[in-house]
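What follows is one structure encoded as structure tokens, with my remarks underneath.
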Amino acid sequence: MNTDIRLHIQALLEAGHSDLAIHQATGAARTTVARHRKHLGLPGYRTTADSPACRHGHPFPEHRAYDSNGWLYCRECNRIRCRAYNARTYQPAQPDPAAVERAAAGDPPDRLTPRERHAAIAQCDAWQHPAAVIAERVRCHPRTVHRARQAAAA
């Protein structure tokens, strides 16, 4: 094996990457990566129930869990990974300003999203309309207007 690849595998192993990630990055066989890991004396990527902590250092008695397939995982690592994924993928929908204007004027489109409905209620609220008038303009229940006002105040 090329010395450059060996050094690259060693650097990735010491950085804490998984065998699969190193295999994909370098093209080396996973058994070769595992052999290098064993030679360097580094712990395996998967932790066991006897381990005192996960590979990121979270203590296992508090964070140990098993998934539906019986695999051991760290709840804290899973929470961090899910939060990072959601931060990358979740983009809240922005209300359509034209729909909000139409609803506040009393001619709402056939279907308003909850965000558009709340924005229209807030706009009518700024004009100091009573809840019954707002509900009639936005075509919703007066209780929806009260809930939207409470949510805006909180």
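The values are calculated or read from the model by the stated rules, or taken from the named source; none is laboratory data. Remember, predicted model here, so these are calculated numbers, not experimental data. Positions of Cβ are backbone-derived with ideal geometry, glycine not excepted, and every protein chain shown enters the neighbour counts. For the accessible areas, the whole protein counts, side chains as well, though only heavy atoms, and no ligand, DNA or RNA atoms are used. Shrake-Rupley method; radii C 1.70, N 1.55, O 1.52, S 1.80 Å.
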Legend entry - Per-peptide average of other Cβ atoms within 10 Å, ordering 133-143, 61-71 highest first: 133-143, 61-71
Legend entry - Computed [θ] at 222 nm, deg cm²/dmol, the chain (DSSP H ≥ 4; -39,500 (n - 2.57); rounded to nearest 500): -18000 deg cm²/dmol
Inset, instruction - Find out how many positive minus negative residues lie around TRP127, taking Lys and Arg as positive, Asp and Glu as negative, among other residues whose Cβ is under 13 Å from that of TRP127. - result: -1
Inset, instruction - For the chain, report the translational diffusion coefficient in µm²/s to the nearest whole number, using Stokes-Einstein at 25 °C, 0.890 mPa s, and a Kirkwood Rh over Cα pairs. - result: 119
Inset, instruction - Keeping all protein chains in place, calculate the accessible area per residue for the range 77-132 (probe 1.4 angstrom), answer in Å². - result: 71
Inset, instruction - Would you please give the residues with an amide H less than 5 Å from that of ALA53, counting only those at least 5 places away or on a separate chain, with H modeled from the backbone geometry? - result: PHE60
Legend entry - Neighbourhood net charge (13 Å Cβ-Cβ; Lys/Arg +1, Asp/Glu -1) for ARG35: +3
Legend entry - Unpartnered cysteines - no second Cys beta carbon under 4.7 Å - across the chain: CYS82, CYS124, CYS140
Inset, instruction - State to the nearest 20 debye the size of the charge dipole of the chain about its Cα centre, where the only charges are +1 on K and R beta carbons and -1 on D and E beta carbons. - result: 360
Legend entry - Sulfur and carbon atoms: percent of accessible area, the chain [1.4 Å]: 52
